[in-house]
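Asker: Sending over a structure as structure tokens; questions will come in a sec.
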Amino acid sequence: MNDKVLKTLEYNKILDILSQFAGSEPGKKMCLKLRPSTNIEWIDNAQKETEAALSRLIKNDRISFGSNKDIRGIIKEAQIGRTLSISDLLSIGRLLTLTEELSNYDAKDESEEEDALSRYFEELSPLPLLSKEITKCILSENEIADDASSKLKDIRRSYVNTEAKIHNQLTNMVSTTYRTYLMDAVITSRNGRYCIPVKAEYKSQVPGMVHDHSSSGRAIFIEPQAIVNLNNDLRELKLQEEEEIEIILKSLSSKCAAHADEILTNQKNITSLDFIFAKGKYALKLNCTKPIFNADYRIKLRSARHPLLPQDKVVPIDVRLGEDFDLLIITGPNTGGKTVSLKTVGLLTLMGQSGLHIPTLDRSELSVFKEVFADIGDEQSIEQSLSTFSGHMTSIVNILKKASQDSLCLFDELGAGTDPSEGAALAMSILSYLHDRGIRTMASTHYSELKIFALSTSFVENGSCEFDVESLRPTYKLLIGIPGKSNAFAISKKLGLSDEIIDNAKKYIDSEEESFENIISDLESKRVQIEKEKESIEAYKKEIESLKARLKDNEEKISEKRDKIIKDAREQAKDILQEAKDVADETIRAFQKQSTVMSIQTMEKKRSNVREKIKSQDAKLSEKNKVHKVNHPKSITMDQALPGTNVHIISMNLDGTITVRPDSSGNVLVQCGIISSKVNIKDLYMIEALPETKSVSAPKRLNISRTSNIKSEINVLGMTVDEAVSVVDKYLDDALLCHLASVRIVHGKGTGALRSGLHDFLSSHPAVRNYHLAAHGEGDAGVTIVEF
């Protein structure tokens, strides 16, 4: 791609902005070196990498490349055997730490698919052992850790001890022995050796080595003889420390050299990732999308925005070229957006071929052009004695020499700067030349002749930048298919030019040209009207969609409420039915115990009939109970349910008297004639007095033919607690009718849950006098003996 078009379309400004999103210097340099490519495979791969980075940033934008540094020179020094400095080793350590952080950033579930960046992350080698070794040994650029080696630790310990001895002796000297001879009672250092400041006149009173004197000469800095050896030891320890640090650094340098290839690969991949994520951050910032590339030299941009203009103010444009026409001629007033439209198409083409996403709506299309040519701006050159026209023509001649079918040509104000008739003729000839060779071209102009040329030539289309005459401002909207109008007369009139001058000016315009301008004006007014109607229709459509959505939402809410009501009704009916069944069973069992009139077979048959009848009337019973509960007085409370209270049983439609206080669940015993029923207080309400009842005939002898063969043992192994209780309850009734004194219940040992449940039931059974586990050898804890 030629450098001139990169400068003309301000491509370098895009790179400057892109580099600001990179986190490291190598990444910034890589951004600034980015150039458009003509290799479709490279472009496709670069676009996929940008897309993957954008996707990762949306999920997790906490990624940094600040520790990345160009360490190629450092590694080269290590490879030739040189000892690296502390700063260089720290750079390598930070790079390895960053490598480990990036590896952790890429860690994902097995369900997640690989993307275009996976290979960069997979090639990273964190080298944790080397990284930990560098971190352990080097604390900062000026400090090596004591634990870097055991010898260094011993040397530094000895150094501290020796230094402490020196301070102790000097402290004693300055406070007692030589106090009167000193300028100040302080300990100082000269040339790395500890001294004391002695007054010049007492120099001979303090034996030792003289190292320095004050600027006034009044103080002499003497190293007392008593600490000379200690200072010598201190100096020797310092030299040993330096030698040991050199050994440590050399060891770390050799380890880095041994892993040179991995470290360089890490640095290369991290720089590439920094560059790619910079592209992703740029796309995220400008709300860019991935363009679709085709091989037909077709451009289709949807709501394209110039990336260098303020994104909150730029007006998006729709542009197409190369599908049903290969030459687009844009007309319209100055500052109306013609040049911006040309630059937008050219710059977005360069960005797309550089692997950058473009600021458009999705499904925008670009093609790969081997060259993009642009003649935009003032080509005037004083140094080369070129006028504006000459400068433009020099550029155009160069373009025409190099342009081919796989080129994109952009011309701003083609043919301007000379006689209008000649300029228009040249412009039409140049465009015809490009059009005949199938070269994709966009050109802006003020010449009416070019509008007619576009209307009369196949595969050539007019375009215009809309201008609002009322406000005298351009709207910057690009309209394809409609030629632009200069609006000179309308603008002049709006600005106050008299009608007389304007009418006189119209006389100098050719009648055909005036007719053409009137047609354009009429088309423009109709277009504006259609646009308004279209906006109105869109508003109606949105309102309809909103109403449909609200209707659907209401229907869903109604459906949910209906389902909930039905579900609640069914649950309530189920509870009522279950309660009615329990009452019926209890009533029948009580009737069995007390009635002497009816045979057991008949009673069993009637009990079955009652169950079937209740089952077949579920829905009706539920509704009736609801009606009853609405009409009946308030249910009786726990405090009101006292023995002797007259009540009405709602579910059985019977009156009776409470005989036993309610239990914790609210269940009471109600005596209804000869029948004693267990009923919950929710199914009761109080009444004044019981109605008169007829006397009951004397009991007759009970027919026990059906139960005469009842066994003295029942087996409930494998049953649940509820199943076993039901079976045992019926069995005890039959055993009582057979006058058995005791029975055995075989329930097994297991977890003890079944035994515990049966014992709870037996403890409240009115006919059971006693129950206990069987003796050893007779079933033990697996059998319970029940005595009536």
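The values are calculated or read from the model by the stated rules, or taken from the named source; none is laboratory data. Predicted model, so just to flag it, every value in this text is computed and none were measured. Note that we place each Cβ from the backbone using ideal geometry, even for glycine, and neighbour counts take in every protein chain shown. Please note that ligands, DNA and RNA were not included when accessible areas were found on the heavy atoms of the full protein model with its side chains. Shrake-Rupley method; radii C 1.70, N 1.55, O 1.52, S 1.80 Å.
Asker: Keeping all protein chains in place and using 1.4 angstrom, which order do 95, 239 fall into by accessible surface area, from largest down? Walk me through the intermediate numbers first.
Answerer: On the way: 95 0, 239 75 Å².
From most exposed to least exposed: 239, 95.
Asker: Related question: Could you give the nm distance between label points at residue 175 and residue 723, where each point is 7 Å from its Cα heading toward the beta carbon?
Answerer: In this crude label model, residue 175 to residue 723 measures out at 9.4 nm.
Asker: Identify all aspartates and glutamates with a Cα-Cα distance to residue 203 below 18 Å; exclude those on the same chain that are fewer than 8 residues away in sequence.
Answerer: 184, 212, 223
Asker: Separate question: Of all accessible surface on region 391-435 at a 1.4 Å probe, what whole percent is carbon and sulfur?
Answerer: Exposed carbon and sulfur together represent 55 percent of the surface.
Asker: Determine how large the accessible area of residue 475 is when every protein chain is in place; take a 1.4 Å probe and give Å² rounded to the nearest 10.
Answerer: We get 40 Å² for residue 475.
Asker: Sticking with this one: In percent, how large is the relative contact order of region 171-220, given Cα pairs closer than 8 Å and 6 or more residues apart?
Answerer: Across region 171-220, relative contact order equals 29 percent.
Asker: Enter the accessible area of residue 55 (Å², nearest 10), with the probe set to 1.4 Å and all protein chains included.
Answerer: 50 Å²
Asker: Still on this structure, please answer the following. Contour minus end-to-end for residue 671 and residue 738, with contour as 0.36 nm per residue of separation and end-to-end as the Cα-Cα distance? The partial results should precede the final answer.
Answerer: Values: separation 67, 0.36 × 67 = 24.12 nm, distance 2.57 nm.
Working it through step by step, the gained length comes to 21.6 nm.
Asker: Keeping every protein chain present and rolling a 1.4 Å probe, give me the accessible area per residue for region 1-143 in Å².
Answerer: Working: 8040 Å² over 143 residues.
Computed with neighbouring chains in place, this is 56 Å² per residue.
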